[in-house]
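Here is the structure we will look at.
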Amino acid sequence: MKKIIGIVVAVIVVVALGFAGWLYLGRDPMSFAGGSTVALADYHGADVTGVPAQLASADLVKRGEYLTHAADCQACHTAPGGAPFAGGFAFNMPFGTIYSTNITPDKQTGIGKYTDTQFLAAVHKGIRADGAKLYPAMPYSSYTYMTDADALAIKAYLFTLAPVNAPARQNQLSWPFSQRSLLALWNVMFNPDERFRPNTSESPQWNRGAYLAEAMGHCGDCHTPRNLAFALDNHGKFAGTLTAGWRAYNITGDNVSGLGDWSDEDLTSYLSTGHANGHGGAAGPMGEAADDSLSYLVPDDTRALATYLRSIPAHASDLPRTVTTAAPASYREGVAADANSRGEKIFAGACASCHDWTGVSPVTGFATLTGVRAVNDPSATNVAQTVINGVNRKTTDGRIFMPAFGAGYSDDDIAAVANYVTARFGAKGADLTGKDVSALRQQAAQQSKEAPNG
Amino acid sequence: MLTLTINGQSRDVDVPEDMPLLWVLRDHLSLVGTKYGCGIAQCGVCTVHVAGKPVRSCQLTVGDVGTRAIVTIEGIGSTPNGAKVQKAWMEAAVPQCGYCQAGQIMSATALLDANPQPDDADIDAAMAGNLCRCGTYIRIRRAIKNAAAKSA
């Protein structure tokens, strides 16, 4: 009997260790490239960290501003309608809500008292000035690859901002997630706590792209699926996942569900403006990433990022091939007229005037639905979110605007029109219900799911 | 300086490219027949034709018009279907307060251009984006059918 128990225990231990090992192996976001890496100091290629050449002689604050954009601190450290960098943005997780904090230099409620060492500990190790551990909603397991010099340039820039008095909002987490000390184990498993190591088998441009994507832009924090411990699982690197109620798409080289059939021009256009003709535009969190971060990159950096993205191994996900032909001009053709009359009626009244029955907008290329990934995603997640939240982006090409319909239309209406749009213009009609739409509203909501404390 | 073709005429305007076409028409060219309603392409009152298609001019920036021909309510009577629609509108006494009617006539004309004999469902699909707070929808439908009958 004892022997059997011993064997069972041994098997469990081996399986658990194997599983932990598997999770651990998914930690390194750049291991897919193979080759050999060296410490930055031993790398003799071009400068792959820091600011681009044209800013090399700029002062520390200017350099920090560029890097702050590249690392996209603003998107998460700003609440909708709130002061930039003053925190309060809600992350709705399955186990509760976490709020971003104030990183303006306010001495009481911001980071005004942080020393350089304390700032580096927060960025690289996820450790607050008071020694408490940050939740990995702060992507320190990505920022850990950032050089000290770049992190301190960001600090120098943040310290030039006007201090805002904005106390941290109370997180609403269930036990045991409310216990920050448990993150010690998470950190051992999932934070490599090492700086970027250039890959000598790859070009300097690739290395620059890797630094921008991993250490700065932390693309994987939305585009890479997470494991059971909510750490990035790089076995499916950049294969796409749901984040905050929006789908971050597959950005691997897969021809069907990834970026494999995008031209270089499409890719750089999308990265620099948040839009590529024939592929549609960014909305929701990617719209913010485009407007707050990617659009600030100089063209060389955009190209480096594209080079790196091109090198990501193809990983098929469940997205069908995008339909690139327009729908018929008459509402009677294409998707059967009475198959979904509620969705069609809403489309006729609220959508057709800009998007047209063909999906090719007579108004602006930004409103063309043909070829857009959201429309070709059979879950219709981003179509529903865009209908609910609208689009309101300010770009160098002007304002991109679509009204938000979330307040005016019921969950059932939004489900009906999302199903109709995906069926008419995409590869496969969605099957959303009003309940699904209600859940999507919750996930993206910028309020706590529970009543606030006190 | 941008050059637009409006109602068959070439017009030069000195405006920013991101200005909505509606602003250009009303404030810079004094073509005030096209009205401002909701400003978010949801009411249809600002409808004009761009390359023959009904477009909400409050959302179309003037820089995106390019060389496409624009027809507004001031010029629609010079087109065959536009003349028929306007006549049918008068015969059926469609307007009540009238504010939405320029947009209704533009959408109705575009409908007949694309589909000379629309049935009720066609009319619904084409006109659903044009709101009328007076509720003249029944007369709008009748007038479109009368205009179509004259085309036959």
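The values are calculated or read from the model by the stated rules, or taken from the named source; none is laboratory data. If you're wondering where the values come from, they're calculated on a predicted model, not measured in any experiment. Here the Cβ is made from the backbone with ideal geometry for all residues, glycine too, and neighbour counts use every protein chain on show. Note: accessible area is taken over every heavy atom of the protein model, side chains too, but ligands, DNA and RNA are not part of it. Shrake-Rupley method; radii C 1.70, N 1.55, O 1.52, S 1.80 Å.
Filtering the range B:3-62 to residues that are free of Cβ contacts under 8 Å to residues at least 40 places away in the same chain, within 14 Å of another protein chain (Cβ to nearest Cβ) and in a helix (DSSP H, G or I) leaves B:LEU22, B:TRP23. Just one of the listed residues (A:LEU305, A:LEU319) is crowded, with 20+ Cβ neighbours inside 10 Å, out of contact with any helix residue (DSSP H, G or I) (no Cβ under 9 Å at 6 or more places or on another chain) and away from chain B (no Cβ under 13 Å), namely A:LEU319.
In the range A:360-371, the residue that is nearest to the other protein chains (Cβ to nearest Cβ) out of those that are open to solvent by less than 20 Å² (accessible area, probe 1.4 Å) and closer than 10 Å to A:GLY426 by Cα is A:THR370. For the range A:291-322, give me the residue count where each residue is at pLDDT below 95 and within 27 Å of A:GLN74 (Cα to Cα). Matching residues across the range A:291-322 total 2.
Could you tell me whether A:ALA352 is open to solvent by less than 20 Å² (accessible area, probe 1.4 Å) and within 12 Å of chain B (Cβ to nearest Cβ)?
Yes; evaluated as a whole, the condition is true for this residue.
Is the range A:428-438 home to any residue that is within 22 Å of A:LEU259 (Cα to Cα) and open to solvent by 40 Å² or more (accessible area, probe 1.4 Å)? Yes, some residue in the range A:428-438 is within 22 Å of A:LEU259 (Cα to Cα) and open to solvent by 40 Å² or more (accessible area, probe 1.4 Å). For the range A:196-251, a residue qualifies if it is open to solvent by 20 Å² or more (accessible area, probe 1.4 Å), touching a residue at least 40 places away in the same chain (Cβ under 8 Å), within 22 Å of A:ALA380 (Cβ to Cβ) and touching a Pro at 6+ places or on another chain (Cβ under 7 Å), and the qualifying residues are A:CYS222, A:THR243, A:ALA244, A:TRP246. I need the full set of residues from the range A:380-404 which are surrounded by fewer than 21 Cβ atoms within 10 Å (Cβ to Cβ) and touching an Asp or Glu at 6+ places or on another chain (Cβ under 9 Å), in order please. Correct list: A:LYS394, A:THR395, A:ASP397, A:GLY398, A:ARG399. Select from the range B:66-93 the residues that are within 14 Å of chain A (Cβ to nearest Cβ) and touching a strand residue (DSSP E or B) at 6+ places or on another chain (Cβ under 6 Å) and list them in ascending order. Listed by number, the residues that qualify are B:ARG68, B:ALA69, B:ILE70, B:VAL71. Within this structure, B:ALA143 passes the test of being out of contact with any Ser or Thr (no Cβ under 7 Å at 6 or more places or on another chain), part of a helix (DSSP H, G or I) and farther than 20 Å from A:PRO362 by Cβ.
Results for (1) open to solvent by less than 40 Å² (accessible area, probe 1.4 Å); (2) of a type outside the set (Gly, Ala, Ser), shown as yes or no for each residue.
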residue	(1), (2)
A:LEU17	no, yes
A:ALA20	yes, no
A:SER31	no, no
A:SER36	no, no
A:LEU40	no, yes
A:TYR43	yes, yes
A:ASP47	no, yes
A:PRO52	yes, yes
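Scanning the range A:271-302 for residues that are open to solvent by less than 30 Å² (accessible area, probe 1.4 Å), part of a helix (DSSP H, G or I) and in contact with a strand residue (DSSP E or B) (Cβ under 7 Å, 6 or more places away or on another chain) yields A:GLY284, A:GLY287. Figure legend. Inter-residue proximity from the range A:96-124: first residues closer than 20 Å to A:ASN191 by Cβ and among the β-branched types (Val, Ile, Thr), second residues at pLDDT 95 or above and in a helix (DSSP H, G or I), beta-carbon distance below 6 Å, spacing 6+ or different chains. Indicated pairs: A:ILE103/A:LEU158; A:VAL123/A:TYR143; A:VAL123/A:ALA151.
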